[in-house]
Every structure is written in C-alpha cells, then in structure tokens.
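Participant: The structure is given below, and queries will be raised subsequently.
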Amino acid sequence: MKTPSHIRFAGYSPPDTTHSRAVSRFRDELTARLGSSVRVDLFWNVFDFGYKGMDLTNMVERGQLTMCYSSTGYGLSDLIPELRIIDLPFFFDSVEHAHRALDGELGAYLTRRIESQKGCRILGYWDNGFRHISNRLRPIRTPEDCAGLRIRLMPNEIHKKTFELIGAAPFPMNLERGLAMMASGELDAQENPLANTSAYGINKYHEYITMTGHFYAARAIFTHKQSFDSWPEEIQAAVRESIREAILFQREIAQAEEIKKRGELESAGISFVDLTAEERSRFENAVSPIVEEARGQLPEELFRLAARR
C-alpha cells in the first residue's frame, strides 16, 4: 500500500500553544494508525524560518509543505468572499454556536469554496477563540473609549471597517511588524484571543484587556491537494480521522486555556474589563452597518446555514 511517507506540517505559533499541541496530537494519532510507514515533521513557527503567517497556504498549494493551519481571515476572504461570514463582528454568540456551524453545513459550504479556489483540501477547522482588545492607555468600556486608538489588526477589510466604525485608528499588518510597533509604543492596542495575547508576549506592553469578543476566529487545516488525492482511500481516511481527533482535542484545551490565561494575566497585573449587556450592545449597534452590508453582498443561504440551531 502506498503511504504518505513524509508529511511536513507547519504553523505559526510557539510549541506550547493549543494549535501546536493539536499538531502533535495529529502526528501521534496518525502514527498510531499507520505505524512507522509515515513520518510527520512538525515546524511550529514559520516566523523562526523567515516566513510570514500568510505564506503558509501558498507553501502548501505549491507542495513545499504538506499541511498547515491558517486563519480563515488571513487574506483568504479577499479571494473567497463567502469567508467573510466568519469575520462579521458579534456574529457567533458562543463557541458552541461557531463549532456547530463549522462542523455542519456552513463549514461544508466554505470548504467547497476554498477547495475550488486553492490547490488544497480542507480537513476541518480549529478554534482560535473570540478576540478581545488589549491596550496600553486606558480601560475600554464604550466605542467612545476607542477614539483615536492606534490598533494593530490582521490584514482584513471587515476588521478594518469594524474598528473605523468604533472610532479607532486601525493599522492592518502582519503580526511580526505589529509586535515590533507595540514594543516601541508606535501602536497602542491590538486584538486577539487571550492565548495569543499571552503566547506572543503582548501582555508585556499592554495593561488593559477588554473582553469584547468582537470577532470569532477559526483556523482551517489545509493539505496539499495533489498529495492528498494520490493517497489510497485508507490513508486518506486515517488522515481525516486523525485530524478529527486533533480538532476535538484542540477545541477542548482551547476553552480551558482561555480560563487559565486570564488567571495568569490577572496575576501578572493586567486589568480586565467585562462588558455589561448594555455596554456590549453599544458596540454591536456601532458596527451593525457591516452586518447589514454583508447581507446585501453575500448569499442569504450563508446566513441560514450559520443560524443558531
């Protein structure tokens, strides 16, 4: 039986993050299923090799890598407009809601669209949690508190428009550059799940975190299409089963990590702001034009598939 004797799986986070731990879980699961006939080489963080996070999917498409994970909001929505459904502010009301949608018909729809545009197979979606605002200047409770706030964002047009509507000054850029500008004080703020804020050391520069949960973030798992399609069905099934185990594992530890990281950050002196329902609604109302605009641009079927069941 022909086997994928060498799989190169890369990501863009340190080895102790939930995503890197899930990559390890995938390797262990696949090795348990296929034995020594497969070798899985892991590259935790492509930053260490001079690459950008946005390079990963192209590297998989070209066959330089066999697999990677990457945020669905990291440039892909320019190529595949339907992915903007995930990027909409305050769209998913819980991780359970997001997981049901991505494991169900919405995820299947988006997978078909990505595979039609990229030379990749999509094997599922990891959880990157809800994104929150951290900053060095002041506690944030209202959109007015964001006025003039120089905030680093991932390159994403919906994210940029969202922060413009609440009065901030958005700076979309790659993470590496953003980290340098936060360290120098050129930027005041950023937004990320707590695990990322901690993993990238952003808490060294920021004193305040507001638990806005404004965007939900998913990371798709990409596989080189020609390689995957060349494997026998039994091998494809083993890869899919191993990834599914890794997805369930990653989501479970990600929720535990959110609680753990908050405790660690609070112990380190970070001041947290939990929004009241009224305060949260002020943010939602401020950015509602983005959702209304999306309803006029994206297929209505997407909103039906994403609806809470």
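Participant: Just give me the residues in the range 262-271 being open to solvent by 30 Å² or more (accessible area, probe 1.4 Å) and either touching a residue at least 24 places away in the same chain (Cβ under 8 Å) or in a strand (DSSP E or B) (or both), in sequence order.
Facilitator: Arg262, Glu264, Ala268, Gly269, Ser271
Participant: Quickly run through the range 184-201 and pick out the residues that are over 23 Å from Ser20 (Cβ atoms) and surrounded by fewer than 16 Cβ atoms within 10 Å (Cβ to Cβ).
Facilitator: Here is the first cut: in the range 184-201, the residues over 23 Å from Ser20 (Cβ atoms) are 184-189.
Correct list: Ser184, Gly185, Glu186.
Participant: Which members of the range 13-37 meet the condition of being within 20 Å of His224 (Cβ to Cβ) and modelled with pLDDT under 90?
Facilitator: The answer is Ser37, and nothing else.
Participant: Follow-up question, since we're still on this one. For residues that are open to solvent by 20 Å² or more (accessible area, probe 1.4 Å) and not basic (Lys, Arg), scanning just the range 287-297, find the one that is nearest to Ile86 (Cα to Cα). Full working, then the answer.
Facilitator: Initial filter on the range 287-297 (open to solvent by 20 Å² or more (accessible area, probe 1.4 Å)): 288-289, 291-293, 295-297.
Next, from what is left, pick out any that are not basic (Lys, Arg): 288-289, 291-293, 296-297.
Numbers: Ser288: 15, Pro289: 16, Val291: 11, Glu292: 14, Glu293: 14, Gly296: 16, Gln297: 14 Å.
Of everything passing the filter in the range 287-297, Val291 is nearest to Ile86 (Cα to Cα).
Participant: In this structure, does Asn174 turn out to be in contact with a helix residue (DSSP H, G or I) (Cβ under 9 Å, 6 or more places away or on another chain), open to solvent by less than 20 Å² (accessible area, probe 1.4 Å) and in contact (Cβ under 8 Å) with a residue 60 or more places away in the chain? Before you say what the answer is, go through the steps one by one.
Facilitator: Working: in contact with a helix residue (DSSP H, G or I) (Cβ under 9 Å, 6 or more places away or on another chain): yes; open to solvent by less than 20 Å² (accessible area, probe 1.4 Å): no; in contact (Cβ under 8 Å) with a residue 60 or more places away in the chain: yes.
Judged against the criteria, Asn174 is not a match.
Participant: Additional query: Across the range 234-261, what is the number of residues that are open to solvent by 40 Å² or more (accessible area, probe 1.4 Å), charged (D, E, K, R) and either modelled with pLDDT of 95 or more or under 30 Å from Arg121 (Cβ atoms) (or both)?
Facilitator: Total satisfying the criteria: 7.
Participant: Continuing with the same structure: Output the residue which, of all residues in the range 117-131 that are in a strand (DSSP E or B) and among the small types (Gly, Ala, Ser), is nearest to Ser227 (Cα to Cα).
Facilitator: First, pick out the residues of the range 117-131 that are in a strand (DSSP E or B): 120-131.
Next, from what is left, pick out any that are among the small types (Gly, Ala, Ser): 124, 129.
On the way: Gly124: 17, Gly129: 30 Å.
Applying the filter and picking the extreme gives Gly124.
Participant: Look through the range 115-143, keep the residues that are among the charged types (D, E, K, R) and over 16 Å from Ile166 (Cα atoms), and return whichever of them is surrounded by the most Cβ atoms within 10 Å (Cβ to Cβ).
Facilitator: Asp127
Participant: Is it the case that the range 99-109 has a residue that's crowded, with 18+ Cβ neighbours inside 10 Å, among the acidic types (Asp, Glu) and touching a residue at least 24 places away in the same chain (Cβ under 8 Å)?
Facilitator: So far as the range 99-109 goes, no, none of its residues is crowded, with 18+ Cβ neighbours inside 10 Å, among the acidic types (Asp, Glu) and touching a residue at least 24 places away in the same chain (Cβ under 8 Å).
Participant: On to the next question. Output the residues belonging to the range 1-55 that are part of a helix (DSSP H, G or I) and open to solvent by less than 30 Å² (accessible area, probe 1.4 Å). Steps first, answer last, please.
Facilitator: At the first step, the residues of the range 1-55 found to be part of a helix (DSSP H, G or I) are 18-37, 46-49, 53-55.
Passing the criteria: Thr18, His19, Ser20, Ala22, Val23, Ser24, Phe26, Leu30, Gly35, Val46, Gly53.
Participant: Here's a follow-up. Taking the range 5-37 as the region of interest, how many residues are out of contact with any helix residue (DSSP H, G or I) (no Cβ under 6 Å at 6 or more places or on another chain) and either farther than 20 Å from Ser198 by Cβ or hydrophobic (A, V, I, L, M, F, W, C) (or both)?
Facilitator: Of all residues in the range 5-37, those out of contact with any helix residue (DSSP H, G or I) (no Cβ under 6 Å at 6 or more places or on another chain) come to 5-8, 15-16, 19-21, 23-24, 27-28, 31-32, 35-37.
Going one step further and asking which of them are either farther than 20 Å from Ser198 by Cβ or hydrophobic (A, V, I, L, M, F, W, C) (or both), we end up with 5-8, 23, 27-28, 31-32, 35-37.
Total satisfying the criteria: 12.
A quick yes/no check of all residues on (1) at pLDDT 95 or above; (2) part of a helix (DSSP H, G or I):
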{"residue": "Ser134", "(1), (2)": "yes, no"}
{"residue": "Pro139", "(1), (2)": "yes, no"}
{"residue": "Arg152", "(1), (2)": "yes, no"}
{"residue": "Thr162", "(1), (2)": "yes, yes"}
{"residue": "Gly167", "(1), (2)": "yes, no"}
{"residue": "Phe171", "(1), (2)": "yes, no"}
{"residue": "Arg177", "(1), (2)": "no, yes"}
{"residue": "Met182", "(1), (2)": "yes, yes"}
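Participant: Just to be sure before I move on: is Thr72 among the β-branched types (Val, Ile, Thr) and either open to solvent by 30 Å² or more (accessible area, probe 1.4 Å) or modelled with pLDDT of 90 or more (or both) in the structure I sent?
Facilitator: Numbers: among the β-branched types (Val, Ile, Thr): yes; either open to solvent by 30 Å² or more (accessible area, probe 1.4 Å) or modelled with pLDDT of 90 or more (or both): no.
For Thr72, the condition - among the β-branched types (Val, Ile, Thr) and either open to solvent by 30 Å² or more (accessible area, probe 1.4 Å) or modelled with pLDDT of 90 or more (or both) - is not met.
The values are calculated or read from the model by the stated rules, or taken from the named source; none is laboratory data. None of these values were measured; they are calculated from a predicted model. Quick reminder, even Gly has a Cβ in these numbers, built from the backbone with ideal geometry, and neighbours come from all protein chains shown. Accessible surface areas use protein heavy atoms only, side chains included; no ligands, DNA or RNA. Shrake-Rupley method; radii C 1.70, N 1.55, O 1.52, S 1.80 Å.
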